Amino acid sequence: MNRRRKLSASMSLSEFDQGYWYVAELKRFADGLGIPSAARLRKDELEWAIKRCLRSGTIAPPATLNPVARIRSRQRDVDLGLRLDRRVVRYTNDSTTKKFLEQEAVKLASTFRPRSGAKYRLNRWREEQLRNGVELTYRHVVAEYVRLTQSTERFARIPHGRYINFLSDFLAGQPGATRPEAVKAWQSLKKMDCPKTYRDWNTAKSRKR
């Protein structure tokens, strides 16, 4: 079904989960609900706070805001010039930073290959370190990135990472499938009025046959 559901304070958790919401609309909705610091929250934090409100009527931000929200007034690290010994203060996921990570990762490990989901987990690791008061340099970030990409352990599923989980499940469940095919399938799933999982996409696909 290709129906665009609208966010509403009267919607159920199931209705919320079956829709696909962009960060901008989640921020507006959360602000309308009265959730504190909505403009500063990450997408998964917004979803957590909104679902808590829909479930119990309790309005509260996450217990700890992600560290990025507290330093947005600082100059971006990338604008200062990235290098391995630079301290991580205001990290950004822009193309220059991503290119820097890839280039330095290859220097550190000649067998380096990108891995789906590694950057997401790298960002959460970095935020956790900074939240705990650990001083990081970009050398630490590159080393952790390489470790994540080269680990043979299967990544744990991400509670709010529907896109990442879908891609992982799609590639595992569709032998020979490519990442562009997985992304295309995800784009079609976003428009469906159903949970955003590979299982539900596969079920919808089977019904069309």
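The values are calculated or read from the model by the stated rules, or taken from the named source; none is laboratory data. Computed from a predicted model, the values in this text were never measured in an experiment. We place every Cβ from the backbone using ideal geometry, glycine too, and count neighbours over all the protein chains shown. Please note that ligands, DNA and RNA were not included when accessible areas were found on the heavy atoms of the full protein model with its side chains. Shrake-Rupley method; radii C 1.70, N 1.55, O 1.52, S 1.80 Å.
Name the pairs: first residue in the range 123-141 and over 20 Å from Glu102 (Cα atoms), second residue among the basic types (Lys, Arg) and part of a helix (DSSP H, G or I), Cβ to Cβ under 7 Å, at least 6 apart or on different chains?
Close Cβ pairs satisfying both conditions: none exist.
Tally time: how many residues in the range 117-148 are over 27 Å from Thr197 (Cβ atoms), among the hydrophobic types (A, V, I, L, M, F, W, C) and assigned to a helix (DSSP H, G or I)?
Matching residues across the range 117-148 total 5.
Any idea which residue in the range 1-50 is farthest from Lys190 (Cα to Cα), counting only those that are among the basic types (Lys, Arg) and within 17 Å of the chain's Cα centre (by Cα)?
Out of the qualifying residues, it is Arg40.
Return the total of residues in the range 156-178 being under 30 Å from Leu7 (Cβ atoms) and either among the aromatic types (Phe, Trp, Tyr) or touching a residue at least 24 places away in the same chain (Cβ under 8 Å) (or both).
Summing the residues that are under 30 Å from Leu7 (Cβ atoms) and either among the aromatic types (Phe, Trp, Tyr) or touching a residue at least 24 places away in the same chain (Cβ under 8 Å) (or both) in the range 156-178 gives 13.
Take the range 87-101 and flag every residue that is at pLDDT 95 or above and among the aromatic types (Phe, Trp, Tyr).
Phe100
Considering each of Ile50, Ile35 in turn, give the residue that is part of a helix (DSSP H, G or I), of a type outside the set (Gly, Ala, Ser) and at pLDDT 85 or above.
It is Ile50.
For the range 72-86, which positions are over 14 Å from Val142 (Cβ atoms) and not β-branched (Val, Ile, Thr)?
Result: Arg72, Ser73, Arg74, Gln75, Arg76, Asp79, Leu80, Gly81.
Would you please list the contacts, defined by Cβ atoms under 7 Å and residues six or more apart or on different chains, that run from a residue in the range 186-209 that is in contact (Cβ under 8 Å) with a residue 60 or more places away in the chain to a residue that is part of a loop (DSSP other than H, G, I, E, B) and open to solvent by 50 Å² or more (accessible area, probe 1.4 Å)?
Taking only residues 6 or more apart or on different chains, the pairs are Lys191/Asn2; Met192/Met1; Met192/Asn2; Asp193/Met1; Asp193/Arg3.
Taking the range 91-111, which residues are in a loop (DSSP other than H, G, I, E, B) and surrounded by fewer than 17 Cβ atoms within 10 Å (Cβ to Cβ)?
Within the range 91-111, Thr92, Asn93, Asp94, Ala109, Ser110, Thr111 qualify.
In the range 102-113, how many are at pLDDT below 95 and among the charged types (D, E, K, R)?
Within the range 102-113, residues that are at pLDDT below 95 and among the charged types (D, E, K, R) number 1.
What are the residue pairs meeting all of these: first residue in the range 93-115, first residue closer than 14 Å to Ala143 by Cβ, second residue open to solvent by 30 Å² or more (accessible area, probe 1.4 Å) and of a type in the set (Val, Ile, Thr), Cβ atoms under 8 Å, and 6 or more apart or on different chains?
Note: pairs meeting the criteria are Phe112/Val106.
I'd like to check something: does the range 149-157 contain any residue that is of a type in the set (Val, Ile, Thr) and not in a loop (DSSP other than H, G, I, E, B)?
Taking every residue of the range 149-157 in turn, at least one turns out to be of a type in the set (Val, Ile, Thr) and not in a loop (DSSP other than H, G, I, E, B).
Taking the range 10-30 only, how many residues are under 19 Å from Arg42 (Cα atoms), assigned to a helix (DSSP H, G or I) and of a type in the set (A, V, I, L, M, F, W, C)?
6
Consider the range 114-131. How many of its residues are out of contact with any Leu (no Cβ under 7 Å at 6 or more places or on another chain), open to solvent by less than 40 Å² (accessible area, probe 1.4 Å) and at pLDDT 90 or above?
Here the count works out to 1.
Tally the residues that are open to solvent by 50 Å² or more (accessible area, probe 1.4 Å), in a loop (DSSP other than H, G, I, E, B), at pLDDT below 90 and not basic (Lys, Arg), restricting the search to the range 177-209.
Total meeting the criteria: 1.
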